[in-house]
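A short write-up of the structure that comes next.
The values are calculated or read from the model by the stated rules, or taken from the named source; none is laboratory data. Worth saying up front: this structure is predicted, and the values here are computed from it rather than measured. Cβ sites come from the backbone with ideal geometry, for glycine too, and all protein chains shown count toward neighbours. Accessible surface areas use protein heavy atoms only, side chains included; no ligands, DNA or RNA. Shrake-Rupley method; radii C 1.70, N 1.55, O 1.52, S 1.80 Å.
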Amino acid sequence: MEEPHRILVVDDEPDLEQLVLQRMRREIRRGRYSFVFARNGVEALERLNENGGDPIDMVLTDINMPEMDGLTLLKQIPSVDPNVRSVVVSAYGDMKNIRTAMNRGAFDFVTKPIDFEDLRITIDRTLEHLAMLREALEARDKLVALRSDLDLASKMQQSILPTKFPESPDYEIYAGMVPARDVGGDFFDVINLGDDRIGITVADVSGKGVPAALFMMSSRTLLNSVAVARANPGEVLGEVNRLLRPGDVLSEVNRLLQENNEAAMFVTVFFAFFESKTGDMVYANGGHNPPVIIHADGSSSLLAQQPGVALGIAPEFSYDMYNATLAPGEALILYTDGVTEAENVKTEQFGLDRLLGILGGASPSSAKEINDKIFDAVKEFAGRAPQFDDITCLTLYRRGGSE
Amino acid sequence: METCRILVVDDEPDLEDLVNQRMRREIRSGRYSFVYARNGVEALECLSGDNGIDIVITDINMPEMDGLTLLEQIPAYDPKLRCVIVSAYGDMKNIRTAMNRGAFDFLNKPIDFEDLRNTIDKSMKHLGEIREAFEARDKMLTEGRS
């Protein structure tokens with residue numbers, strides 16, 4: 001059962017105590033109310049200040065009392081506990097004092113001689129109001145806690161995305177992700193596999209918010225560990241050590257993701273192994289947007305491939321593998337649909353053509369420059385329109401062109 | 001500061017001019033704006049339109065629907081609305097009935113405009129707290145779900 005509501009009765013008439021205890025005996029016995037008494041405003045503040053005891057929910061106070069009267073007490077209460085509600089007891093028809101009390105924040109009033117039916121209704125109404133306010137305040141506190149959790153989750157999520165990229169005389173990589181909400185479902189990764197080889201990936205989890213973020217964390221971890229294991233199969237695979245098979249990486253991650261995927265979430269992934277000395281790439285696509293290549297002469301095209309099925313949908317899907325070579329001076333752009341489907345206030349989309357023409361026909365010269373240009377262009381295009389989806393972009397530039 | 005929108009319900013047509021005159025400074029500065037209705041029925045019609053009313057100040061004796069009946073109807077339109085009842089001076093019986101039916105406060109006739117200002121501001125402060133808390137709860141429900 002609920003705790004009784006604690007009511008502090010403040011009056012210099014000792015008779016009132018007996019009267020209240022007598023007339024409210026049923027409510028007291030049922031555990032609905034419990035009463036605490038004080039003889040004036042000073043004593044009342046002491047009761048309110050007492051720590052350790054159960055907190056007081058409401059104050060019922062007389063007006064005329066020695067030491068500190070009821071109207072002065074009313075002014076003091078909010079600084080002791082802003083959530084206590086007060087009801088004043090006035091002489092019948094004493095409009096002046098009643099109005100003063102109400103303007104000083106009394107929640108209600110009753111008149112002498114006390115009509116106990118009126119008092120019951122007044123107490124219940126006051127407590128009801130208090131309960132509603134408390135429930136809402138608790139909700140507000142929870143919201144604050146939730147926000148701080150999300151803020152922390154966002155920081156953790158951003159912290160698992162690489163911010164430092166491998167430095168090499170052969171190539172340059174740069175990437176970024178701007179989540180639409182506190183936490184996002186997009187991710188990218190750059191995996192250093194040694195021997196002048198890296199794995200690169202950009203992915204987009206279905207849905208948004210916390211579930212997408214959790215699925216993103218597990219997808220990213222699986223992809224990373226499977227890629228590392230497959231790229232370094234050690235003695236087990238012996239001869240095929242150098243045979244990198246991104247299709248197999250996606251197939252395995254796909255199978256793993258499907259275990260315990262009760263929320264039926266999925267993730268689109270583009271995954272590639274890149275040999276930095278030769279520019280050779282082997283790649284596979286799990287339902288992701290086709291990457292863009294900007295050639296050394298400033299023209300652009302889509303990377304040849306067939307998008308497979310997103311991971312998490314078809315457990316036995318076998319992902320095809322493709323080969324291509326990034327020529328010196330060329331840039332490969334991996335992105336999520338947050339780029340191409342970014343909307344402006346007229347609900348037009350940024351579109352693939354704007355991405356293909358991002359350099360306006362100029363030759364690529366830096367991964368960071370291209371990546372920044374894309375984020376800037378999307379931001380400028382969207383203007384004041386709200387961002388609905390995470391925006392992710394990774395650019396790989398092979399040095400050695402006309403620079 | 002946001003304008004506080006107040007619905008005044010009274011069958012006395014004089015009240016409208018009086019309020020507009022005595023509150024002209026608050027109206028001009030955009031602190032308060034007043035809407036008027038002549039009885040409870042008109043008041044409910046006004047509340048069912050999207051008028052963004054924050055506070056209802058109502059007389060008790062009116063034709064068609066009186067103030068005490070109106071008080072009971074209002075929560076169905078917006079439970080967060082604050083209602084202030086205007087009674088004859090010292091009419092304890094009606095004042096107590098109104099307070100027990102959920103009036104947030106009361107005023108005496110003839111209206112003391114300083115008291116009215118205090119009462120409106122106190123009501124707005126309460127309303128602000130309640131709205132803020134409810135908004136927080138609603139936001140939490142949507143954020144928690146997504």
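Regarding segment A:275-290, can at least one residue be identified that is open to solvent by 10 Å² or more (accessible area, probe 1.4 Å) and touching a His at 6+ places or on another chain (Cβ under 7 Å)?
For segment A:275-290, residues open to solvent by 10 Å² or more (accessible area, probe 1.4 Å) and touching a His at 6+ places or on another chain (Cβ under 7 Å): absent.
What's the total number of residues in segment B:50-67 that are farther than 10 Å from B:Val35 by Cβ, assigned to a loop (DSSP other than H, G, I, E, B) and over 11 Å from the mean Cα position of the chain (by Cα)?
Number satisfying all stated conditions: 8.
When segment A:119-144 is examined, which residues are found to be of a type in the set (Lys, Arg), touching a residue at least 24 places away in the same chain (Cβ under 8 Å) and under 16 Å from A:Val84 (Cα atoms)?
Hit for segment A:119-144 is A:Arg134, nothing else.
Any chance segment A:98-115 includes a residue that's more than 20 Å from the chain's Cα centre (by Cα), more than 20 Å from B:Gly102 (Cβ to Cβ) and touching a residue at least 60 places away in the same chain (Cβ under 8 Å)?
Yes, segment A:98-115 contains a residue that is more than 20 Å from the chain's Cα centre (by Cα), more than 20 Å from B:Gly102 (Cβ to Cβ) and touching a residue at least 60 places away in the same chain (Cβ under 8 Å).
Looking at segment A:33-91, which of its residues are part of a helix (DSSP H, G or I), of a type in the set (Asp, Glu) and surrounded by fewer than 16 Cβ atoms within 10 Å (Cβ to Cβ)?
A:Glu46
Tell me the residue from B:Ser29, B:Ser87 that is open to solvent by less than 80 Å² (accessible area, probe 1.4 Å) and polar (S, T, N, Q), please.
Going through B:Ser29, B:Ser87 in turn, the sole match is B:Ser87.
Residue check: is B:Leu44 more than 30 Å from A:Val210 (Cα to Cα), away from chain A (no Cβ under 14 Å) and in contact (Cβ under 8 Å) with a residue 60 or more places away in the chain?
No; evaluated as a whole, the condition is false for this residue.
Do we find that A:Met102 is over 24 Å from A:His5 (Cα atoms) and either part of a loop (DSSP other than H, G, I, E, B) or not acidic (Asp, Glu) (or both) in this structure?
no
Looking only at segment B:100-118, which residues are part of a helix (DSSP H, G or I) and within 7 Å of another protein chain (Cβ to nearest Cβ)?
Scanning segment B:100-118 gives B:Asn100, B:Asp115, B:Asn118.
Being within 14 Å of chain B (Cβ to nearest Cβ) and under 30 Å from B:Asp112 (Cα atoms) is the requirement here; does A:Met95 meet it?
Working: within 14 Å of chain B (Cβ to nearest Cβ): yes; under 30 Å from B:Asp112 (Cα atoms): yes.
Yes; evaluated as a whole, the condition is true for this residue.
Keeping to segment B:47-56, report how many residues are free of Cβ contacts under 8 Å to residues at least 24 places away in the same chain and under 21 Å from B:Lys125 (Cβ atoms).
Of the residues in segment B:47-56, 0 are free of Cβ contacts under 8 Å to residues at least 24 places away in the same chain and under 21 Å from B:Lys125 (Cβ atoms).
This table checks each residue for (1) surrounded by 15 or more Cβ atoms within 10 Å (Cβ to Cβ); (2) of a type outside the set (Gly, Ala, Ser).
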position: A:Gly361; (1), (2): no, no
position: A:Glu369; (1), (2): yes, yes
position: A:Ala377; (1), (2): yes, no
position: A:Arg384; (1), (2): no, yes
position: A:Tyr397; (1), (2): yes, yes
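Determine if segment A:102-122 includes at least one residue that is of a type in the set (S, T, N, Q) and away from chain B (no Cβ under 12 Å).
No - not one qualifying residue is present in segment A:102-122.
Before we move on, is B:Arg96 within 9 Å of chain A (Cβ to nearest Cβ), assigned to a helix (DSSP H, G or I), open to solvent by less than 40 Å² (accessible area, probe 1.4 Å) and more than 21 Å from B:Ile53 (Cα to Cα)?
When the stated conditions are applied, B:Arg96 passes them.
Taking segment A:129-182, which residues are of a type in the set (A, V, I, L, M), more than 14 Å from chain B (Cβ to nearest Cβ) and part of a helix (DSSP H, G or I)?
A:Leu152, A:Met156, A:Ile160
Given the residues B:Arg38, B:Arg82, which is the only one that is over 12 Å from the mean Cα position of the chain (by Cα) and not hydrophobic (A, V, I, L, M, F, W, C)?
Criteria check complete, one pass: B:Arg38.
Restrict the check to segment B:67-76 and report whether at least one residue is open to solvent by less than 10 Å² (accessible area, probe 1.4 Å), more than 10 Å from every other protein chain (Cβ to nearest Cβ), without any contact (Cβ under 8 Å) to a residue 60 or more places away in the chain and touching an Asp or Glu at 6+ places or on another chain (Cβ under 7 Å).
There is at least one residue in segment B:67-76 that is open to solvent by less than 10 Å² (accessible area, probe 1.4 Å), more than 10 Å from every other protein chain (Cβ to nearest Cβ), without any contact (Cβ under 8 Å) to a residue 60 or more places away in the chain and touching an Asp or Glu at 6+ places or on another chain (Cβ under 7 Å).
Could you list all residues from segment A:161-172 that are in contact with a strand residue (DSSP E or B) (Cβ under 8 Å, 6 or more places away or on another chain) and open to solvent by 30 Å² or more (accessible area, probe 1.4 Å)?
Hits for segment A:161-172 are A:Phe165, A:Pro166, A:Asp170, A:Glu172.
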